[in-house]
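Presented below is the structure to which this report refers.
The values are calculated or read from the model by the stated rules, or taken from the named source; none is laboratory data. This structure is a prediction, so every number in the text was calculated from the model and none was measured. Using ideal geometry, Cβ is built from the backbone for each residue, glycine included, and neighbour counts are taken over all protein chains shown. Heads up: the accessible areas ignore ligands, DNA and RNA and are worked out on the full protein's heavy atoms, side chains in. Shrake-Rupley method; radii C 1.70, N 1.55, O 1.52, S 1.80 Å.
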Amino acid sequence: MRGSVPGLVSPHPIGQQLPAVYLEDDFAQRFTAGLDEVLAPILLTLDCLDAYFDLGLAPPDFVDWLAGWVAAPVDGDRPPDVRRELVRHAVEVHRWRGTARGVALALRVATGTQVEVTDSGGVTCSATPTDAPPPDEAPEVRVRLHGEVDETLVRQVLASAVPAHVRVTLETQP
């Protein structure tokens with residue numbers, strides 16, 4: 001959480017900007033020094049606002065807030081570098097969502113491992129609604145991950161990246 005920083009000096013002290021008659025007034029200087037202490041974090045944040053939107057420089061809690069802007073699935077338990085990458089690639093992941101390219105990108109960003117995604121190209125259609133697509137024509141995606149991965153995380157990413165009617169086969173290779 002953003003908050004006050006003890007001993008932070010204001011870049012623009014209010015007491016120095018008062019008319020000359022108040023420059024030597026002890027009460028006016030002490031009163032404005034109290035305001036400076038409250039306003040200093042705000043002024044310094046505004047002075048450095050561009051750094052907050054640079055994912056390499058932004059504080060971790062601000063990265064999590066930015067994740068809400070781009071609907072990135074940020075989990076507070078993940079390391080800060082992974083959360084930054086999720087936010088950095090969120091727009092592209094959303095653009096390709098539901099495609100083999102999108103599945104590969106989402107998994108690569110979330111796990112940091114090499115990913116191969118093969119799409120069967122299967123398509124189904126029907127003039128009448130059915131409960132499920134015919135088994136011999138069901139679309140399928142085969143995902144091959146290389147390296148150590150957290151299978152729970154992979155399943156979560158797949159649940160959000162693959163359409164619900166598509167079967168997923170997951171293979172891991174060391």
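Odds and ends about this structure:
- In summary, residue 55 fulfils each of the numbered conditions (1) touching a Lys or Arg at 6+ places or on another chain (Cβ under 6 Å); (2) without any contact (Cβ under 8 Å) to a residue 24 or more places away in the chain with the single exception of condition (2).
- Residue count for the range 1-43, restricted to those that are hydrophobic (A, V, I, L, M, F, W, C), open to solvent by 50 Å² or more (accessible area, probe 1.4 Å), under 27 Å from residue 62 (Cα atoms) and free of Cβ contacts under 8 Å to residues at least 60 places away in the same chain: 8
- Complete set of residues in the range 112-122 that are surrounded by fewer than 18 Cβ atoms within 10 Å (Cβ to Cβ) and of a type outside the set (D, E, K, R): 112, 113, 114, 118, 120, 121, 122
- Among residues of the range 45-78, those that are crowded, with 16+ Cβ neighbours inside 10 Å, aliphatic (A, V, I, L, M) and part of a helix (DSSP H, G or I), counted: 3
- Qualifying residue in the range 101-111 (condition: open to solvent by 40 Å² or more (accessible area, probe 1.4 Å) and among the polar types (S, T, N, Q)): no
- Any hit, the range 89-98, residues being open to solvent by less than 50 Å² (accessible area, probe 1.4 Å) and out of contact with any helix residue (DSSP H, G or I) (no Cβ under 6 Å at 6 or more places or on another chain): yes
- Top-ranked residue of the range 3-24 - restricted to ones that are aliphatic (A, V, I, L, M), at pLDDT 85 or above and not in a helix (DSSP H, G or I), ranked as farthest from residue 38 (Cα to Cα): 18
- Taken together, the criteria exclude residue 86 from residues that are part of a helix (DSSP H, G or I) and more than 11 Å from the chain's Cα centre (by Cα).
- Of all residue pairs spaced 6 or more apart or on separate chains, those with beta-carbon atoms under 8 Å, a first member in the range 98-121 that is more than 13 Å from residue 159 (Cα to Cα) and part of a helix (DSSP H, G or I) and a second member that is open to solvent by 40 Å² or more (accessible area, probe 1.4 Å) and hydroxyl-bearing (Ser, Thr, Tyr) are 100/118.
- Odd one out for residue 128, checked against (1) of a type in the set (Val, Ile, Thr); (2) under 24 Å from residue 73 (Cβ atoms); (3) at pLDDT below 80: (2)
- Restricting the range 48-73 to residues that are among the charged types (D, E, K, R) and over 16 Å from residue 85 (Cβ atoms), the residue that is nearest to the chain's Cα centre (by Cα): 61
- Boolean, residue 81 is under 12 Å from the mean Cα position of the chain (by Cα), closer than 15 Å to residue 112 by Cβ and not basic (Lys, Arg): yes
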